[in-house]
Amino acid sequence: MNATQQQQNNQTALKKNRSKKNTNHFTDMHDLPCIEKIVCTVGETPHPIQTNITGKFPEWINGSFLRNGPGKFEIGNQKFNHWFDGMALLHQFKISKGQVTYRSRFLSSDSYQANNEKNRIVVSEFGTVSVPDPCKNFFQRFLSRFELPKHTDNANVSVVTYKGDYYVSTESNMMHKIDPETLEATKKVNWRDFIAVNSATAHPHVDVDGTTYNMGNSFSHKGSYYNIIQVPQMKYSTEETLEGAKVLCSIPSTDSAKPSYFHSFAMSENYVVFIEQPLKMDLLKIVTSKLTGKSISDSFFWDPKLKTIFHLVPKKNGKVSSFQYLAQPLTTFHQINAFEEDGHLIIDMCASDDGRIISNYNIQNLRKSGEDLDEVYNTQCRIFPRRFVLPLNVDEKTPYDQNLNGLPNSSATSFRIAKKKIFCTHEDLHGEDLHEYGGLEFPQINYGKYNTQPYRYFYGCGFRHLVGDTLIKMDIRGKHMKVWEQPGLYPSEPVFVPSPDATEEDDGVILSVVITPNKDKSTFLLALDAKTFEELGRAEVPVNIPYGFHGTFIATAV
């Protein structure tokens, strides 16, 4: 090796060392198993097939467990870059009299059809920029760089309801109404045909009267706004979709050019709470993404110099509270529950102290192994359940020098720090034992009875890997937890199904789809007793299923 080559090698090594030195490491895990096979393309199974039952599924469970997530990660010889980009694959586990059948179907979105027709990635996704049409001449391809990016309708995140109908959605302005029996898409629905928003979340909340609330973005020459959406519960014709939807409230972004990203929001009995976090989107980068060849994900950045802001909006009048509730910088994707108690608004959420987690979920990271995989995981901040307590009865006479959280047995604090500002610190909703399981995400509760109400239990996935590797039941009273785990198995979001004769909050069953990369065609639907957290049964599926995002259970009347 000559001197020049040696110098180049030394410079390269120095850059790597500097890079590692400047990277935050939150854990020190080693020898994580490779999970590449649970983020691989699979085929669809559009007709029901039988599963192999071991143990027992309770006879009273009667209905369909629907799941959504990416199932196709390549088009032709082109690959998607991010986990959020894969083509939506819908799953149905139909449970009846202790038996389970399975079917799956790719969502026939415009994006999916156009990609398949051209055999290349035609529509840009969150982390992937479409390549200009090679059939166009150079000048046409050049001009196409100046077009605004098209909205994808690849609704691969969740299954939601509006007016009693089922939809699959992502974080664009497009949703698809589906037939939950066949999983076929029956109608594409554009939020912008009803209200002036550019997008909406995949996590709406349903009120006790059937009214559905959601959050949407709007960007215009007037600035950036966060919009609270209200969709009525009544449907006057079978063809109706979002008719009657309205914007209840528009909250201006603190920085109109760089609004906050949000994946969900919180709702109590009387309030909608929007959490403006320091995870930001650079709109200029998004608008010029086709010109620069950058993806939407490249526009995301974390600004830890900014505080988190809780915006409270009463449902009855849609007027934003004149008081801002502040907290240290945090990132939250999923809230657990919110409710009011003795003049306080309590918000429980899964949160972390760092906002650079999204880039870790590039597909190439999920498919790494050895030290490279360990490095991805160790640079990812852990997510834990937290409680914030926001005092509601505040005005000009509220004192500055005392904790405004008057709830007994709560270590959360709220102090008035300025004329219209309250600063809040959280209380951990867990004990030290949760650290052994890598924190908790994908939280679920007994939603039908306890959403917006005081509650005791929530369920989620422990994250000792980049995806969930345990199921956890958390008892807020005493902060105790129960755990289901088996080596090499990766359970997805737990969904609570209440028993028909339930007398207690945790009377029911937890359903979770469990994936393993270690054995072909070995996915199964797991049923746990929600009270004891002991396994009741599993339904083994004779096809491969990728690790997905969210789902719901639809009970069928007997």
(request) Identify all residues within region 407-422 that are under 30 Å from residue 458 (Cα atoms), modelled with pLDDT of 95 or more and of a type outside the set (Ser, Thr, Tyr); write none if there are none. (result) 407, 412, 415, 422
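Residue by residue, here is whether (1) within 21 Å of the chain's Cα centre (by Cα); (2) farther than 25 Å from residue 378 by Cβ; (3) among the hydrophobic types (A, V, I, L, M, F, W, C) holds:
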position: 481; (1), (2), (3): no, no, yes
position: 486; (1), (2), (3): no, no, no
position: 490; (1), (2), (3): yes, no, no
position: 493; (1), (2), (3): yes, no, no
position: 512; (1), (2), (3): yes, yes, no
position: 524; (1), (2), (3): no, yes, yes
position: 540; (1), (2), (3): no, yes, no
position: 546; (1), (2), (3): yes, no, no
(request) Determine whether region 414-431 contains at least one residue that is within 30 Å of residue 471 (Cα to Cα), in a loop (DSSP other than H, G, I, E, B) and open to solvent by 50 Å² or more (accessible area, probe 1.4 Å). (result) yes
(request) For residues that are at pLDDT below 90 and either within 21 Å of residue 176 (Cβ to Cβ) or assigned to a loop (DSSP other than H, G, I, E, B) (or both), tally how many sit in region 218-235. (result) 2
(request) Evaluate the following for residue 551: is it over 30 Å from residue 84 (Cβ atoms), part of a strand (DSSP E or B) and at pLDDT 95 or above? (result) no
(message) I'd like the residue in region 76-100 that is open to solvent by 30 Å² or more (accessible area, probe 1.4 Å) and in contact with a Lys or Arg (Cβ under 9 Å, 6 or more places away or on another chain) and, out of all such residues, is nearest to residue 541 (Cα to Cα).
(response) 94
(message) Can you tell me which condition residue 263 does not meet? The list is (1) closer than 25 Å to residue 194 by Cα; (2) surrounded by fewer than 17 Cβ atoms within 10 Å (Cβ to Cβ); (3) modelled with pLDDT of 95 or more, and all the others hold.
(response) (2)
(request) Output the residue which, of all residues in region 285-300 that are open to solvent by less than 40 Å² (accessible area, probe 1.4 Å) and in a helix (DSSP H, G or I), is farthest from residue 123 (Cα to Cα). (result) 299
(request) Determine if region 364-375 includes at least one residue that is farther than 30 Å from residue 36 by Cα, surrounded by 15 or more Cβ atoms within 10 Å (Cβ to Cβ), modelled with pLDDT of 95 or more and touching a Leu at 6+ places or on another chain (Cβ under 9 Å). (result) no
(message) Pairs please, first residue from region 422-448 and over 15 Å from residue 493 (Cα atoms), second anywhere and of a type in the set (Phe, Trp, Tyr) and open to solvent by 40 Å² or more (accessible area, probe 1.4 Å), Cβ atoms under 6 Å, 6+ apart in sequence or on different chains.
(response) 423/415
(request) Quickly run through region 103-112 and pick out the residues that are open to solvent by less than 10 Å² (accessible area, probe 1.4 Å) and in contact with a His (Cβ under 7 Å, 6 or more places away or on another chain). (result) 104, 107, 109
(request) Would you please name the residue that is nearest to residue 123 (Cα to Cα), looking only at residues in region 46-63 that are assigned to a strand (DSSP E or B) and either touching a helix residue (DSSP H, G or I) at 6+ places or on another chain (Cβ under 7 Å) or open to solvent by 10 Å² or more (accessible area, probe 1.4 Å) (or both)? (result) 49
(request) Please determine, by comparing only the residues of region 378-413 that are in contact (Cβ under 8 Å) with a residue 40 or more places away in the chain and under 18 Å from residue 321 (Cβ atoms), which one is surrounded by the most Cβ atoms within 10 Å (Cβ to Cβ). (result) 388
(message) For region 241-252, check the following and say yes or no: at least one residue is open to solvent by 20 Å² or more (accessible area, probe 1.4 Å), hydroxyl-bearing (Ser, Thr, Tyr), in contact (Cβ under 8 Å) with a residue 24 or more places away in the chain and part of a strand (DSSP E or B).
(response) yes
(request) Output the residue which, of all residues in region 185-217 that are aliphatic (A, V, I, L, M) and in a strand (DSSP E or B), is surrounded by the most Cβ atoms within 10 Å (Cβ to Cβ). (result) 200
(message) I want to confirm something. Restricting to region 5-43 and keeping residues that are more than 23 Å from residue 469 (Cβ to Cβ) and among the β-branched types (Val, Ile, Thr), which single residue is modelled with the lowest pLDDT?
(response) 12
(message) Looking at residue 101 and the list (1) closer than 29 Å to residue 357 by Cα; (2) among the hydroxyl-bearing types (Ser, Thr, Tyr); (3) in a strand (DSSP E or B), which single condition is not satisfied?
(response) (1)
(request) Note down all Cβ pairs under 6 Å where the first residue falls in region 187-201 and is closer than 15 Å to residue 281 by Cβ, the second is open to solvent by less than 20 Å² (accessible area, probe 1.4 Å) and aliphatic (A, V, I, L, M), and they're at least six residues apart or on different chains. (result) 201/215
(request) Please go through region 347-359 and pick out each residue that is open to solvent by 10 Å² or more (accessible area, probe 1.4 Å) and either among the aliphatic types (A, V, I, L, M) or within 21 Å of residue 386 (Cβ to Cβ) (or both). (result) 353, 354, 356, 357, 358
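The values are calculated or read from the model by the stated rules, or taken from the named source; none is laboratory data. These figures come from a predicted structure and were not determined experimentally. As a convention, Cβ positions derive from the backbone with ideal geometry for all residues, glycine included, and neighbour counts pool all protein chains shown. Surface accessibility is based on the protein's heavy atoms, side chains included, excluding ligands, DNA and RNA. Shrake-Rupley method; radii C 1.70, N 1.55, O 1.52, S 1.80 Å.
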